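These notes are about the structure you will find just below.
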Amino acid sequence: QVQLVESGGGWVRPGGSLRLSCAASGNILGINVMGWYRQSPGKQHELVAQITSGGSINYANSVKGRFTISRDNAKTTVFLEMISLKAEDTAVYYCAADPNTVVVGRLFQFWGQGTQVTVSS
């Protein structure tokens, strides 16, 4: 089992910045990809950024150029730096992880509890 704990959400004005953190514990040696999903009311989960154990990174088109995913050297903490935030970025953001490097057609296996990000004036 893998435990994921997010922190860093909150309220910010449009154009502002936030940094989310995700601390992983448990059987993290079996994890090959970590990422951030988000979900806003009435919408499906959206995978906004992911990083593989080999360091490959992908972003959703909606956040390219504004969000940056990174991790610490121990590969136990993943960060999501968000700049130029927009109202449409408002959502619950979830840290997630999976044993497979490539995940298609399903959500990642392990999830954190989520942290709310609200962008409004």
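By the Stokes-Einstein formula, at 0.692 mPa s and 37 °C, the chain with its Kirkwood radius over alpha-carbon pairs has D equal to 231 µm²/s. For a straight C-alpha distance cut-off of 23 angstrom, the lysines reachable from Lys43 (same-chain residues fewer than eight places away being disregarded) are Lys64, Lys86. Between Ser121 and Asp72, the simple label model (points 7 Å from Cα in the Cβ direction) yields a spacing of 3.8 nm.
Taking Trp36, Trp11, Trp111 in turn, the Gaussian network model of the chain (Cα-Cα springs below 10 Å) assigns the largest fluctuation to Trp11. Share of carbon and sulfur in the accessible area of the chain stands at 50%, probe radius 1.4 Å.
The values are calculated or read from the model by the stated rules, or taken from the named source; none is laboratory data. No experiment lies behind these values; they were computed from the predicted model shown. Counting neighbours? That spans all protein chains shown, and the Cβs are built from the backbone with ideal geometry, glycine included. Surface areas here come from the heavy atoms of the whole protein model, side chains and all, with no ligands, DNA or RNA. Shrake-Rupley method; radii C 1.70, N 1.55, O 1.52, S 1.80 Å.
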